[in-house]
1. Could you run the Karplus curve 6.51 cos²θ - 1.76 cosθ + 1.60 with θ = phi - 60° over region 95-106 and give me ³J(HN,Hα) per residue in whole Hz, x for Gly and Pro?
2. Amide H to amide H, which residues 5 or more places from residue 45 or on other chains are under 5 Å from it, using H placed in the peptide plane?
3. For a protection proxy built on the mean count of beta-carbon atoms within 10 angstrom, sort 389-395, 153-159, 204-210 highest first, please.
4. Note down the accessible area of residue 264, probe 1.4 Å, to the nearest 10 Å².
5. If you find the alpha carbon centre of region 258-284 and of region 291-314, how far apart are they in angstrom?
6. Under the Karplus relation 6.51 cos²θ - 1.76 cosθ + 1.60, θ = phi - 60°, what is the ordered set of whole-Hz ³J(HN,Hα) values for region 157-164, x standing for Gly and Pro?
7. Highest first, please rank the peptides 81-93, 48-60 by the mean number of other Cβ atoms sitting within 10 Å of their residues.
8. Answer rounded, prolate or oblate for region 29-181, using the Cα gyration tensor with square roots of eigenvalues a ≥ b ≥ c: rounded when a/c is under 1.5, else prolate when a/b is larger than b/c, else oblate.
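The values are calculated or read from the model by the stated rules, or taken from the named source; none is laboratory data. On a predicted model such as this, the values are computed, not experimentally measured, just so you know. Don't worry about glycine lacking a Cβ; one is built from the backbone with ideal geometry, like all the others, and counts go over all protein chains shown. Surface areas here come from the heavy atoms of the whole protein model, side chains and all, with no ligands, DNA or RNA. Shrake-Rupley method; radii C 1.70, N 1.55, O 1.52, S 1.80 Å.
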Amino acid sequence: MKAVSPERKNARVRPQVPSPRRHRLFLAVLLVAAALRVLTVMGYSPVVWFEDSFDYVGVAERPQPYEVRPSGYSLLLWLLRPLHSFAAVAILQHLMGLATGTAIYALVRRRAAGTRAGWAVLAATPVLLDAYQIFFEHTILSDVPFTFLVVVAVAVVLWTPGVTPGRAATAGLLLAVAALTRSIGLVLLPLLAAYLLVARAGARALLTALVAVAVPLGGYAAWYGAWHGTPALNGGNGVWLWARTMPFADCRRIRPPQEEAVLCPSQPVGSRPASPYFIWSDWSPLRRVPGHPVVTRADLFQPRIDALAGGLARRAVIAQPLDYLRVVGEDLRRTLNWRRGPVPGAVPVVYNRYVLPNTEGPLPDGVRIPGGGIRADLLAYGHERPETRVVEPAARVMRAYQSFGFLPGPLFGALAAGALLACATRLIANTRARNTRARDTRARSARTWRARIRGVGTQGVRTRSAESQGAESRFAQSSDAPGSGTRDPEAQDSETRSSETRGSKVQGSETGRRATPAGVLPLSMAFALIVGPVAVTAYDSRYWLPAVPLLCLALSLALTERRPRTVPGEGHDGP
């Protein structure tokens, strides 16, 4: 036998450490993504502002369950308040963006082992290098934390084909927090439950996920009820749907009650503005409800106003269903627009546009959250002048990059269509493979039972002959070695049937997992995030921002995930 040196023996058992060279392409893209974010932090100090940012900061200064939207993002700002730095918030969100891209890359590499790294890098590129993604990371808005939570939840569920109760609970908790960050996250919760059922994760996994979801949502609803009298996550569901229907609602056809008729728009149907204007404009019909004066934004969502608005909205949808579908379809088509905002540098921008500012200017003031004004809240939180300072040449570089470094609407549409087609093709292939395995299993079971029946007949003849010739020998053997003699044939058959039943259950569970493509979960969530806001509120290009990484995941997993294998003996007839 050839001697092996101790050095070679130790080298053989030493665990292998993944080499960074295997990920050099991704690390190069990640380095470029980090450099773009550094330029953004240098060029725009402390952050870029948007109209909703002032509400988030006001709730962070005076924590409360906000009627307009859940306060999850404001609670994150409240946790970071001891730093007294909006720049620190932006840096954290930039890190979330980088972490989101890394999670996508890691998941695709894990579930598609053996494929080229370029697929995983390509899936992570839109999140890492998209200029609009970087823009929203640098604003005080909830979009980036929401996207981060959803992508990490999907990665936790899909990390391995089988879902353990612990991972199901973690994913449920992450999605519950996402729903408290943006209420559209609620539509993702039943999708997670459906995936756990279809993938046959088991009752324990489903139950732990439901508990993980119920605890934070229930706690927040109780907090909301203590403040506003009725448990909920936010108010204004009726107001949002009302605004969705106002561009087409014809009160002459609807004929609402007099108390709801006050909310009918005065403009002709053909010349009405987009849905958000019906809520936030000074001429909003919501401000005309008798006995319910509107001073702050939250006053627009008073329970009585919300009830009247919801009633009129439902009447409009029932009376004009085709008009409702037309408006939703037109807004879905807007997702295919080439650009998501104005051309950088084309018009002066200070804040509140989906483009990096090219000039400095004052921010608005006024009361958004009772107890303080906008400017007072910004100064109290940041301890510095809140206006965005444009620092050249870093700002100029990022404005130039935003003019071309983004995912255009037509490519987004192609990505969605490709992900849908790839997942459907994989699902059909997996279903056919599952049916083939089931057919082979039934055939093997039939052959086994036929062989067993023939064996029982032959065994009966041998047994009668052996009873007269070897009874004493069997008795002596059983006396010398208790428990080692011949076994009762009925007990053996019963044990065999029990073993086959357990095996069929395990195989059925594995078959269910193999038949469910991993890309189905991110695909369904992506389409829910695309269609959901358009159906119940209005179109906004930032609303489909979280759908981009989910579609990239769905497409990559459908194209590169390892094909389901048949176990030994499957797919052919035995002898």
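1. Each residue's phi maps through the Karplus curve to give 5, 4, x, 5, 5, 4, x, 5, 5, 4, 4, 5 Hz.
2. Distant-sequence amide H within range of residue 45: 389, 391.
3. The packing order, highest mean first, is 153-159, 204-210, 389-395.
4. Approximately 20 Å² for this residue.
5. 13 Å
6. Ordered by residue, 3J(HN,Hα) equals 5, 8, 4, 9, x, x, 10, 7 Hz.
7. Result, highest mean Cβ count within 10 Å first: 48-60, 81-93.
8. oblate
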